[in-house]
Every structure is written in structure tokens, then in C-alpha cells.
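Below is one structure, written out as C-alpha cells; the observations come after it.
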Amino acid sequence: MKRNPIIVALDVSEPSKALDLATELASVVGAVKIGSELFTSGGPEIVRRIRATGASVFLDLKFHDIPNTVAKSVAAAVQLDVQMLTIHTCGGGEMMRAAEESAQKTAATLGRRPPLVLGVTVLTSMDASNLQEIGLVQDVGTQVERLARLAVQSGLRGLVCSPHEVSILRKHVPDDFALVTPGIRPSGPAGDDQKRTMTPKEAMAAGSTWLVIGRPIYAASTPKTAAAQIVQSLS
Ligand code: C5P
């Protein structure tokens, strides 16, 4: 069977609602994403309960701190048995190496597969003037490529990026490197805050490994049907 590349973002504040969604969707999607809003309200317990539905979990807390602290946070995430997690690449090479090493070592100690530690480059909410504001003079694309190369050198095995960045990033990363893309809309552009979208099929054709999809699934009248239709659209 082909791997299911759909990750549903559970961007709801109520842990009970997130658990209901995970229970409904576990059998039709590849993974579910727990972000900082849900984690802050539901804590590690919501991660354990969602894992218990059988769903793979992407813990999207975008760690960015000194290497020692990030390594310990990654170890705690591995203890929670998550399958993917995020760190900020602008934390630097030493921080990224510490994160990847901690994922490998903690997983080996527990006899688990290490989670995919994904680097976040430049947030898609930032443009050139936002970068300049924090002292970065490069344009967004140059900065994304620079951080992607550093992520590869630092041993990461995946990145989160816009589907529009995938083709250029593929030139800088190994063949088996994971590129995880949000900004996906099943029927073309939607009237929300995602500005540059691709359909699931377009994003896979561009070279995405995983697709992060939130509102088109969790806000649908029947999330399971919406997810199944998206999976169907890929074949
Ligand atoms: O509802 P929607 O499909 O837009 O959700 C996309 C998910 O991906 C959200 O959880 C959002 O925070 C996340 N994300 C994003 N753009 C990025 C990074 C993460 O939309 N650049």
C-alpha cells in the first residue's frame, strides 16, 4: 500500500474536540499535527490520548533555545512517542545537531524509531521587510536556501516549507530528505489567510513528502469524508 502523506493539523483549542477528530481520522490519514495552542491547553496528556487512537503524531512546537535545552525537549517528545517534531533552523547548526542526536539516542534507548526532526526555515508570515527588521538583509528565498543547507549539514532529515519552495529546495537536499508542506487547498485558493496555495496533487507532483492540511479537513461538515476525498484525489 502507498504511504498516506496527509497530516491533519488539529488546530482546535479544546482537547476533547481534538481527541474526537483524531479518533475519527486515525484510519484515513497518515498523521495528525498537534500545535502550540492545543499542547498549551491539553498538555502531554492530550498527546498520549491521541497516540492511543493509533494516529501518528507530529508535535509542532518549533523548539528554539540553547542546544542543551532543545536536546532535552526533544528527548521529552521522544518519551511521548511522537513521530515528527519541529525545531527552528535559525537556532543554528549546533542546536540542530543536538536535537537530531537527542532524537536518535533517546529513541535507541527506548527501542523506538527516532522521530523525524523537521527544521522550520523562514516563517511564511515573514517578508523581506520583516527580515530586515530583525537584522537580516537577504531576501526570503536566499535565507530559506541558506538555512536549508545548514539543516542538511547539521544532520536533519527534513524541513517544513511552502509547496512553492519545494522545487528549489530539492536541489539542496538529499533524495530521501522529507519536505513537509502546509498551504494546501483541495480546490485551489480559498478565502482565508493562506496566500500562496497548491492543491494536494500539485504539491505532491512538486516533490512534497507530506502535506499538512487543517481547515479543509477539520472544519468540514464530515472531516472523515473530506480527508478520504483528498487521499482519493492523489491517485
Ligand atoms: O488550516 P490550514 O490548512 O491553513 O492549516 C495549516 C497548518 O500548517 C496550520 O497548523 C499552520 O499553523 C501550519 N503552518 C502554515 N504555514 C507555515 C507553517 C505552518 O500554515 N509556514
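Rule-based calculations on the coordinates, nothing more; no lab input. Note that the structure is predicted; figures quoted are calculated from it, not measured. Positions of Cβ are generated from backbone atoms using ideal geometry, with glycine treated the same way; all protein chains shown enter the neighbour counts.
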message: I'd like the FRET efficiency for residue 125 and residue 224, computed as 1/(1 + (r/R0)^6) with the beta carbon distance as r and R0 of 22 Å, rounded to 0.05.
response: 0.15
- request: Among 103, 75, 128, determine the one that fluctuates most according to a GNM of the chain built with springs between C-alpha atoms less than 10 Å apart.
  value: 128
statement: If 165, 45 are placed from fewest to most neighbouring beta carbons inside 10 Å, the sequence is 45, 165
field: Highest-fluctuation residue, 206, 52, 99 considered, GNM on the chain with Cα pairs under 10 Å
entry: 52
Relative contact order computed over region 6-233 (Cα-Cα under 8 Å; 6+ residues apart), in percent: 18
- request: Go ahead and set up a Gaussian network model of the chain, Cα springs under 10 Å, then flag whichever of 113, 51, 97 fluctuates most.
  value: 113
- request: Return a single number: how many Lys pairs in region 6-233, at a sequence separation of 8 or more or on separate chains, have alpha-carbon atoms below 21 angstrom apart.
  value: 12
query: Taking only C-alpha pairs under 8 Å that are 6+ residues apart, what is the relative contact order of region 133-186 in percent?
result: 38
